[in-house]
Each structure stands twice: as C-alpha cells, then as structure tokens.
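Colleague: Got a structure for you, questions after.
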Amino acid sequence: MIDRIDLNILTIIQNEGRISNADLARQLQMAPSGILERVKKLEKKGIIRGYEVRLDAAKLGLAITAFIHVLTTDRVGSTEIGSQLAAIDEVLEVHWIAGDYNYLVKCRLSSTDGLRLLLQKFGSIPGIRDTRTTLVLETLKETQNLAGSQLELYLKREN
C-alpha cells in the first residue's frame with residue numbers, strides 16, 4: 001500500500017530526478033535510510049519504472065513533432081503492427097486507441113523529408129492501410145509527470 005509519504009516522494013523525484021537520498025530525506029524530514037527503503041519498495045512494485053534524462057529534441061536538430069494516426073488490418077485485440085511501429089527509431093510513443101484508427105504514434109524528426117521517409121517505413125509494414133498526420137506547430141505542455149492531485153486520487157481510492 002502507498003501512503004502520503006510515498007506520494008510525496010513520487011512528487012519530488014518526478015521533478016528532481018537527480019535529488020540525492022539525503023536531500024530527499026531532508027525535504028521530507030525523515031531519516032535517509034527510511035527514504036531509501038521506501039524508494040526501493042516503490043521501484044520493486046514497479047511504480048517507479050526508471051529514471052531518465054529529458055533531452056531538448058529541437059536543440060538536437062529534431063525540430064518537427066508529428067502525431068500519426070495509423071489504420072491497420074490488425075484483427076481485433078492484436079497489437080502486432082503496433083509492436084513493429086514501436087521498433088522504428090523516430091517513433092517515441094505508440095498508443096493502441098479506440099476509434100476510426102488503431103494507433104496514435106508520436107514521432108520526432110529533423111525535417112519534412114524525414115517525415116516522408118518515416119511514412120514510407122510505415123507503408124512498408126504489411127497491414128497498414130492508411131495514415132493521418134498532424135504536425136505540431138508549438139508544444140505548450142509535454143510531461144510524463146503525474147500531478148499531485150492525480151496522485152491524491154490513489155489515496156482516496158484506497159481509503
């Protein structure tokens with residue numbers, strides 16, 4: 001079971017991934033050993049899935065973000081084509097969705113020519129029937145962090 005202290009730990013490390021255990025303990029006014037034990041339990045439960053660095057893709061020459069809806073001939077319940085899409089380097093996210101299309105794919109590219117080449121890769125996958133591409137003009141918010149209010153819902157659900 002996760003308690004409020006665990007939620008506070010999750011909130012802090014989402015925003016400060018490089019925080020030391022000692023600093024985390026200081027912020028929460030707890031012993032470092034107790035914090036370390038809690039973090040290890042959250043990792044073991046799979047709630048903390050990993051730690052990663054967020055790169056500025058535009059500064060690395062990947063200035064184009066595109067979302068591509070993909071229609072496939074996958075049988076109901078199959079995500080085989082989605083797995084193939086996920087294996088493509090330019091693809092950052094693949095979501096199996098409900099609606100007119102089967103997948104929503106997020107990509108980062110260096111140019112519209114790169115997008116053309118990516119769509120050719122998609123077209124070479126057997127079972128892809130159609131794509132619909134949306135280019136991002138400006139990203140106003142992009143995060144993987146869960147807000148504190150969303151984490152609070154867990155406590156309400158458990159009580």
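Colleague: The conditions are (1) modelled with pLDDT of 95 or more; (2) not in a strand (DSSP E or B), and Tyr154 fails exactly one of them. Which is it?
Modeller: (1)
Colleague: Keeping to region 123-147, report how many residues are surrounded by 14 or more Cβ atoms within 10 Å (Cβ to Cβ), over 21 Å from the mean Cα position of the chain (by Cα) and not in a loop (DSSP other than H, G, I, E, B).
Modeller: Result for region 123-147: 2.
Colleague: Of the residues Leu62, Leu55, Leu28, which is within 16 Å of the chain's Cα centre (by Cα) and either modelled with pLDDT under 95 or hydrophobic (A, V, I, L, M, F, W, C) (or both)?
Modeller: Leu55
Colleague: Could you please let me know if Ala66 is assigned to a loop (DSSP other than H, G, I, E, B) and small (Gly, Ala, Ser)?
Modeller: no
Colleague: When you check Leu71 against the structure, is it closer than 19 Å to Leu109 by Cα, in contact with an Asp or Glu (Cβ under 9 Å, 6 or more places away or on another chain) and at pLDDT 95 or above, yes or no?
Modeller: Answer is no for this residue.
Colleague: Which of the residues spanning region 1-33 are part of a helix (DSSP H, G or I) and closer than 14 Å to Ile48 by Cα?
Modeller: Asp6, Leu7, Asn8, Ile9, Leu10, Thr11, Ile12, Ile13, Gln14, Asn15 - these are the residues of region 1-33 that are part of a helix (DSSP H, G or I) and closer than 14 Å to Ile48 by Cα.
Colleague: Being among the hydrophobic types (A, V, I, L, M, F, W, C) and under 22 Å from Thr143 (Cα atoms) is true for just one of Ile81, Ile97. Which residue is that?
Modeller: Checking each option against the conditions leaves just Ile97.
The values are calculated or read from the model by the stated rules, or taken from the named source; none is laboratory data. It should be emphasised that the depicted structure is a prediction, and the values quoted were computed from it without experimental measurement. Counting neighbours? That spans all protein chains shown, and the Cβs are built from the backbone with ideal geometry, glycine included.
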